[in-house]
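I'd like to ask you about the structure that follows.
Each value in this text was obtained by applying a stated rule to the coordinates, not by laboratory testing. Computed from a prediction, not measured in an experiment: that's the story for all the values here. Here the Cβ is made from the backbone with ideal geometry for all residues, glycine too, and neighbour counts use every protein chain on show.
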Amino acid sequence: MKIVIIGGTGLIGKKLVTILSGQGHEVVAASPSSGVNSLTGEGLAQAFAGASVVVDVTNSPSWEDAAVMEFFDTSTRNLLAVERAAGVRHHVALSVVGADRMPDSGYMRSKVNQESLIKAGGIPYSIVRATQFFEFLGGIAESGAEGDTVRLSTAPMQPMAAADVAAALADVAIGAPVNATVEVAGPEATSIAEFVRRFLAASGDKRTVIADPQALYYGAKMGSLGIAPGANPRLGPTRFETWIGRMVPQA
């Protein structure tokens with residue numbers, strides 16, 4: 001199949017291109033650097049000609065509330081319009097587990113809006129909601145940094161390796177559209193504070209993590225489900241210890 005990856009040069013996009021190309025598919029790694037811009041529409045018609053599947057793993061360059069909403073809204077509308085004209089048979093999008101549980105977050109509101117556009121867009125679709133990536137644990141730590149301490153929520157999370165996210169997306173992309181949402185997560189669940197504590201300790205970061213039930217997550221209040229998946233998510237195989245062992249040089 002011809003498969004177009006929108007955001008094909010990013011963290012997930014590069015891994016996805018490698019997986020699908022290795023399976024023998026014709027893969028287009030589309031990004032502004034290659035002349036394909038989902039926000040302006042530049043290059044979309046040419047990239048989508050003859051494509052069976054489009055996978056959207058783009059991310060907004062700005063997380064400011066209005067900017068991120070504008071990015072995902074405009075980009076998604078452009079993609080769907082050109083897909084309809086080109087006869088694309090499957091739209092796959094990467095979203096976030098728990099997005100609909102965090103209305104305080106402008107970013108999460110924008111992802112919920114993106115999902116709604118896809119569901120109403122007239123293209124057979126699959127939405128893959130992933131938990132946070134291990135690669136983002138450092139950023140989560142910085143979001144709660146207070147001098148020599150890091151204050152984070154005790155709400156649950158179940159993060160996963162970016163490579164496992166890409167593998168799940170690849171499987172979904174080559175399958176039939178599910179016209180529904182699929183959740184993917186890591187194999188271990190614990191609190192946000194505890195996962196970040198493990199990450200900092202393994203990275204040699206001496207800051208103390210304070211587990212605070214009232215702490216916000218990027219400005220959003222956390223419910224009892226936190227950013228963990230619902231029942232029976234698809235689980236990635238990579239455990240945190242395995243991942244961190246690859247990332248951090250061992251003594």
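Gain in length, A180 to A81, computed as 0.36 nm per residue apart minus the alpha-carbon separation, to one decimal in nm?
33.7 nm
Hand me the trypsin sites (Lys or Arg not before Pro) from segment 155-251 located in a DSSP loop with no more than 12 other Cβ atoms within 10 Å, in residue order please.
K206
Hey, what number do you get for the chain at 222 nm if only DSSP H runs of n ≥ 4 count, each worth -39500 (n - 2.57), divided across all residues, to the nearest 500?
-11000 deg cm²/dmol
I want the antiparallel fraction of DSSP beta bridges within the chain, as a percent rounded to 5.
In the chain, approximately 15 percent of DSSP beta bridges are antiparallel ones.
Put a dot 7 Å past each Cα toward the Cβ at D171 and E241; how far apart are the dots in nm?
2.4 nm
Additional query: Would you mind checking which residues have amide H under 5 Å from V97's amide H? H placed 1.01 Å from N; only 5 or more apart, or other chain.
The answer is A130, T131.
Here's another thing I want to ask about it. As an exercise, find the ratio Rg/Rh for segment 155-251 from alpha-carbon atoms, using the Kirkwood inverse-distance average for Rh.
Rg/Rh: 1.02.
Something else: What is the Cα radius of gyration of the chain over 2.2 N^0.38 Å, N being its residue count?
Relative to the 2.2 N^0.38 Å estimate, the chain comes out at 1.02.
Let me ask another. Residue-wise, which Karplus ³J(HN,Hα) couplings in Hz belong to segment 197-211, taking 6.51 cos²θ - 1.76 cosθ + 1.60, θ = phi - 60°, and x for glycine or proline?
Computed from phi, the couplings for segment 197-211 are 4, 4, 5, 5, 4, 5, 8, x, 7, 8, 5, 8, 8, 9, 7 Hz.
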